[in-house]
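All of the numbers you see were taken from the coordinates with simple rules; none came from a lab. Quantities reported herein were computed from a predicted structural model and do not represent experimental measurements. Neighbour counts are summed over all protein chains in view; Cβ atoms, including those assigned to glycine, are modelled from backbone coordinates with ideal geometry.
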């Protein structure tokens, strides 16, 4: 069995980073802060990319015992 706990924790942190980015975007929209809007968008994009990378299967995730025939 492959240990993936660290990647799951990082994906969870990325989820909370997306929520923070959404909050920053909404704050920027409410108070007309262009820089805050774009900062929030950057956080959202980076966190979603991190989430996808962390939950993708990597070659070392598949062991020889897990082969299906």
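What the table shows:
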read-out: Inter-probe distance in nm under a simple model that places probes 7 Å from Cα toward Cβ, at residue 16 and residue 60; value: 2.6
read-out: Alpha carbon convex hull of the range 5-56, volume per residue in cubic angstrom; value: 42
